[in-house]
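Engineer: My structure is below; once you've seen it, I'll send some questions.
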Amino acid sequence: MLFYTLTIFLSAFLLFEVQPIIAKTILPWFGGTSAVWSTCMLFFQIVLLLGYLYAHWLNRALPPRKQAIAHIVLLLASLATLPILPNPAWKSAGVAQPSLRILALLAVTVGLPYFLLSSTSPLLQAWYARNHKEGLPYRLFALSNLASMLALLSYPLLIEPNLPTRMQGLVWTAAYVCFAAFCAMTALRASAEPQAVQAAVPSAAEPPDSEPSWTVRLIWLGLAASASVLLLAVTTHLTQDVAAIPFLWLLPLSLYLLSFIICFEAPRLYYRAVFVPLLFAAFLYMAYRVWPGHNESEFTLSFGFLKAVGLHLRDFTFDSPAQPARLTIGLLSAALFIACMVCHGELVRLKPHPRHLTGFYVIVSLGGAMGGLFVGVVAPNLFRAYYEFPIGLALCAVVAFIVFAKGVWRFPALRRSAALAGMLLAMGGYLYFLGSIMHTMVAGYLVVERNFYGQLRVSEVGDPKTDETAVRRFVHGTINHGEQSLREEHRREPITYFCEHSGIGRAMRAQQAVGAPRRIGILGLGCGTLAAYGKAGDTLRIYEINPLVLDIARNQFTYLSDTPAQVQVAMGDGRLVLESEPNQQFDMLVMDAFSGDSVPVHLITREAFQTYFQHLKPNGILAVNISNTFLDLEPVMERAANAFGKVALVYSYTPPDEDILCFGCSWTLIMDRATVNALPQLLTDAKELHPERPFRIWTDDFSNMYSILK
């Protein structure tokens, strides 16, 4: 039993530890967007399915001795693929759909080791069930999920803050060699043990040792797929609107695994009487979160009872500046956990006799892979909006209805009819509500587009004939990325985060006062607002990774066409393109690249700042937009400026009530002390950054966004 336990525990720990290690390593190579994690999750789920299929085939097709030999040969072959350090040649500054490139990179780098790790738990459980009468192999499944959750929790708390990314890969590689040795010894011992008939209590859903029906198999598939879709949809929602950081990848996944552990190790903790009402509340909250408007009056119009009990939903929206990030993350995570508890609790209630456990795991992993394919491949290429979240909620609601209806069918006729009618009414109303949400996601917009880098929408607010505040608005995910006034007298003015009194506005005006033509670099196009600062003789070189953003800026806004400056657009990841270019000799370089509300980490590391300063003139200014609802980026800016002997000035601007077109924003200007002295007007309303607490400078090998979460 010791060999089984150690091997399964180590395999599961390594299986889930490698996910954030590899994902964080390649995140900056493909734009730093949350879709990189979704693509990685798709790869891991597909390989997990292949591993389960391999375990199922090996257990059924070969005798014990040949099973051990075949598995040991593959273990030896996997050692030849080590270490798991991705080749930088896979980096891409291009703008084409990078999903296939990411999948190929992962296959080459971790494909075979991950495949063997994923097959370990079901294969060793099958061997244990074959050779032992006592005990239940499903407890080993719970053990593997416990190890997986420990791996995920240890990464943001222990691994990420203390080890550079390259060292993480090397330590993992050494641990994998130890696993391969343990697994080979376990395979040899298992093949030498005498076989025994498993004497376990069968599931109530099937007669003893019977082949599970296709109806039950489809319910397994639906429950697994529902949990998988919701896991990825919630993760995308958080990483799109907060930050694409390992902590927000791993927290939902940890809760997903925790529900597996509880349901398989202590199934009595899953009480339908408790979790069914909680599931109803979770469904309502998640539907509300995905509602594009987050409007309390609209929501309480449909669900007036919420206000009657004093639940003011505005307190729980992303749009509320008073809401702590941890509250939003906590509520969504709790809702996801409840849904996963129901899905996995019902899976346990329907699990088959241990003789069929490898087939059971194949279907469960198939459901997970189908969910990953739907969210990672189908949705970005088929949908214009984030439909996968409401679709996942609808799927979960329908599958839950089918499962619970089977139980209700045992009621007396009158009670059964009343219960089914109530359930149908509730489900129908909820599905109608989800359909309304999907309609709202695209209704009333001039443009709704989506690709690997996220969802983009353009809308008009107000009547330019009568409304001074009428604007055309550009939204990425749920975050406003810029506006242009529809009033002719304001059309060429920089507004929102780029007003003249903002940090970037002060820097632009200070350099304009010198009078010489300027060369300005801009990372992140948005709707093109910064072009409003261009003067005749100026050159604006703009770096943009998303081709849809360029199309929208050119066709839906007029900043680029209105500016008298010369405009050059370089498509691709701004940092990677800059690294490939000769010295641009910028007077100012503006870093305004965002993915949703998140600044891609690889654009604010020491190596990134080194690249920026190489392209600036000695008296040039680096301007960084650090406006963020959830992250305090000031320590990152201070450490980077200090590392290069620069001065960092922060401008936190709150517009007066009469300023109807400007937003509150924070900008950091980084420059030499001599430049500050030459432009003393920059000191007005500025705060010079100094170290206020111990903080480690971020590098390509090290970053810790959890430490700057507000």
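Engineer: I want the local charge near Met370. Using Cβ-Cβ distances under 14 Å, sum +1 for each Lys or Arg and -1 for each Asp or Glu among the other residues.
Structural biologist: Working: positive: Arg217; negative: Glu388.
Value of the local net charge: 0.
Engineer: In whole angstrom, how long is each semi-axis of the equivalent ellipsoid of the range 333-451, when you take the square root of 5 times every eigenvalue of its Cα gyration tensor and sort them from largest down? Please list the in-between numbers first.
Structural biologist: Details: eigenvalues 186, 110, 20 Å².
Equivalent ellipsoid semi-axes, largest first: 30, 23, 10 Å.
Engineer: Could you tell me how many degrees, from 0 to 90 and to the nearest 10, lie between the Cα long axis of helix 547-556 and the main elongation axis, the longest principal axis, of the Cα atoms of the chain?
Structural biologist: Taking the Cα atoms of the chain, the angle to 547-556 is about 50 degrees.
Engineer: Enumerate the amide H contacts of Gln584 below 5 Å, restricted to partners 5 or more residues apart or on another chain; note that Pro and chain-start residues carry no placed amide H.
Structural biologist: none
Engineer: Please report, in whole Å, how far the alpha carbons of the chain spread along each principal axis, starting with the longest.
Structural biologist: Here the spans come out as 89, 64, 41 Å, largest first.
Engineer: Are there trypsin sites (Lys or Arg not before Pro) in the range 64-127 that DSSP marks as loop and that have at most 10 other Cβ atoms within 10 Å, and which are they? Walk me through the numbers on the way to the answer.
Structural biologist: Details: sites: Arg65, Lys66, Lys91, Arg101; in loops: Lys91.
Answer by residue number: there is no such site.
Engineer: Something else: Each residue of the range 276-286 in turn: what ³J(HN,Hα) in whole Hz from Karplus with 6.51, -1.76, 1.60 and θ = phi - 60°, glycine and Pro shown as x?
Structural biologist: 5, x, 5, 4, 4, 5, 5, 4, 5, 5, 5
Engineer: Among all cysteines in the chain, which have no other cysteine Cβ under 4.7 Å from their own Cβ?
Structural biologist: Cys40, Cys178, Cys183, Cys263, Cys340, Cys343, Cys396, Cys527, Cys665
Engineer: Could you tell me which trypsin sites (Lys or Arg not before Pro) in the range 547-650 are loop residues by DSSP with no more than 11 other beta carbons within 10 angstrom of their beta carbon?
Structural biologist: Here no loop site has a sparse enough neighbourhood.
Engineer: Between Leu425 and Met167, 0.36 nm times their residue separation minus their Cα-Cα distance comes to what?
Structural biologist: On the way: separation 258, 0.36 × 258 = 92.88 nm, distance 5.56 nm.
Additional length available on full extension: 87.3 nm.
Engineer: Here's a follow-up. Amide H neighbours of Gly620 under 5 Å, at least 5 residues apart or on other chains, H built in the peptide plane: list them.
Structural biologist: none
Engineer: Taking the Cα centre of the chain as the origin, how large is its charge dipole in debye, to the nearest 20, when only Lys and Arg (+1) and Asp and Glu (-1) carry charge on their Cβ atoms? Please list the in-between numbers first.
Structural biologist: On the way: 51 positive and 48 negative charges, 479 e Å.
That gives the chain a dipole magnitude of about 2300 debye.
Engineer: Which of Cys499, Cys40 comes first, and how do the rest follow, when ranked by fewest Cβ neighbours within 10 Å? Intermediate values should be presented prior to the final figure.
Structural biologist: Numbers: Cys499 21, Cys40 25.
The order, fewest Cβ neighbours first, is Cys499, Cys40.
Engineer: Indicate the gyration tensor shape class of the range 509-594 (rounded, prolate or oblate), computed on the Cα atoms with a ≥ b ≥ c the square roots of the eigenvalues: a/c under 1.5 is rounded; otherwise a/b larger than b/c is prolate and the rest oblate.
Structural biologist: Details: a/c = 2.05, a/b = 1.16, b/c = 1.77.
Oblate is the answer for the range 509-594, as a/c is 1.5 or above yet b/c matches or exceeds a/b.
Engineer: Note the full-extension length gain between Ala89 and Ala643 as 0.36 nm times their separation in residues minus their Cα-Cα distance, in nm to one decimal.
Structural biologist: Working: separation 554, 0.36 × 554 = 199.44 nm, distance 2.82 nm.
In short, 196.6 nm is gained.
Engineer: Please work out whether the range 1-113 counts as rounded, prolate or oblate from its C-alpha gyration tensor, where a ≥ b ≥ c are the square roots of the eigenvalues and a/c under 1.5 means rounded, while otherwise a/b larger than b/c means prolate and anything else oblate?
Structural biologist: Working: a/c = 2.32, a/b = 2.16, b/c = 1.07.
Judged from the Cα gyration tensor, the range 1-113 comes out prolate (a/c at least 1.5, a/b above b/c).
Engineer: Report ³J(HN,Hα) in whole Hz for each residue of the range 453-460, in order, from the Karplus equation J = 6.51 cos²θ - 1.76 cosθ + 1.60 where θ = phi - 60°; Gly and Pro get x.
Structural biologist: So the Karplus estimates, Gly and Pro as x, are 8, x, 9, 10, 9, 10, 9, 10 Hz.
Engineer: Each label point is 7 Å from the Cα along the Cα-to-Cβ direction; what then is the distance between the points at Leu683 and Leu74, in nm?
Structural biologist: 6.9 nm
Engineer: Once the Cβ-Cβ distance between Glu500 and Asn583 is put in as r, and R0 is 35 Å, what FRET efficiency do you end up with, to the nearest 0.05? Could you put the intermediate results ahead of the total?
Structural biologist: On the way: r = 30 Å, r/R0 = 0.86.
About 0.70, to the nearest 0.05.
Engineer: Can you give the Rg to Rh ratio of the range 347-386, both from alpha-carbon atoms, with Rh computed by the Kirkwood formula?
Structural biologist: My calculation puts Rg/Rh at 1.22.
Engineer: Another question about this same structure. Would you work out which of Leu146, Tyr114, Tyr52 lies farthest towards the positive end of the dipole of the range 1-200, given +1 charges on the beta-carbon of Lys and Arg and -1 on that of Asp and Glu, about the Cα centre?
Structural biologist: Value computed over the given set: Tyr52.
Engineer: Given +1 on the Cβ of Lys and Arg, -1 on the Cβ of Asp and Glu, and no further charges, what dipole in debye does the range 496-708 carry about its Cα centre, rounded to the nearest 20?
Structural biologist: Working: 16 positive and 24 negative charges, 120 e Å.
Dipole size: approximately 580 debye.
Engineer: Further question: Give the value in nm², to one decimal: projected area of the alpha carbon convex hull of the range 9-50, averaged over all directions.
Structural biologist: The Cα convex hull of the range 9-50, projected and averaged over all directions, gives 3.0 nm².
Engineer: Compute the distance in nm between two label points, each set 7 Å from the Cα along the Cα-to-Cβ direction, one at Glu692 and one at Val442.
Structural biologist: About 4.5 nm, to one decimal.
Engineer: Quick one: 3J(HN,Hα) in Hz for the range 476-482, Karplus 6.51/-1.76/1.60 with θ = phi - 60°, rounded, Gly and Pro as x.
Structural biologist: 10, x, 10, 9, 5, 10, x
Engineer: At 20 °C and a viscosity of 1.002 mPa s, what translational diffusion coefficient does Stokes-Einstein give for the range 1-200, taking Rh as the Kirkwood radius over Cα pairs? Give it in µm²/s as a whole number.
Structural biologist: Using the Kirkwood radius from Cα pairs, D works out to 122 µm²/s.
Engineer: Longest span of the chain, sites excluded, free of chymotrypsin sites (Phe, Trp or Tyr not before Pro) in DSSP loop with at most 11 other C-beta atoms within 10 Å? Numbers along the way, then the final one.
Structural biologist: On the way: sites that count: Tyr271, Trp409.
The answer is 410-710.
Engineer: To check you understand DSSP bridge types, tell me what percent of the beta bridges within the chain (both residues inside) are antiparallel, rounded to 5. Intermediate results must be reported in sequence, preceding the final value.
Structural biologist: Numbers: 31 of 52 bridges.
If we restrict to bridges inside the chain, about 60 percent are antiparallel.
Engineer: Over the alpha-carbon set of the range 496-708, divide Rg by the Kirkwood Rh and report the Rg/Rh ratio to two decimals. Provide the component values of the computation, followed by the final result.
Structural biologist: Working: Rg = 16.2 Å, Rh = 17.4 Å.
Rg/Rh for the range 496-708 comes to 0.93.
Engineer: Go ahead and collect, in residue order, the members of the range 43-81 whose backbone nitrogen is under 17 Å from a label point 7 Å along the Cα-Cβ direction of Arg189.
Structural biologist: Zone members listed by number: 65, 68-69, 72.
Engineer: Let me have the 222 nm mean residue ellipticity of the chain computed from DSSP H runs of 4+ only, each contributing -39500 (n - 2.57), with the sum over all residues rounded to the nearest 500. Working shown, then result.
Structural biologist: Details: 23 runs with 378 residues, N = 710.
Helix-only estimate at 222 nm: -17500 deg cm²/dmol.
Engineer: Additional query: In terms of modelled amide H atoms, which long-range or inter-chain residues lie less than 5 Å from the amide H of Ala570?
Structural biologist: Here Ile542, Tyr543, Glu544 satisfy the definition.
Engineer: Using 31 Å as the Cα-Cα cut-off, could you pick out the over-long pairs in Lys535/Lys687; Lys24/Lys646; Lys66/Lys91? Mind dumping the intermediate values first?
Structural biologist: Details: Lys535/Lys687 29 Å; Lys24/Lys646 28 Å; Lys66/Lys91 41 Å.
Long pairs (Cα-Cα over 31 Å): Lys66/Lys91.
Bear in mind these aren't lab numbers, they're just calculated from the coordinates by the rules spelled out. Values in this document were obtained by computation on a predicted structure and should not be read as measured data. Methodologically, a virtual Cβ is constructed for each residue, glycine included, from the backbone with ideal geometry; neighbour enumeration extends over all protein chains shown.
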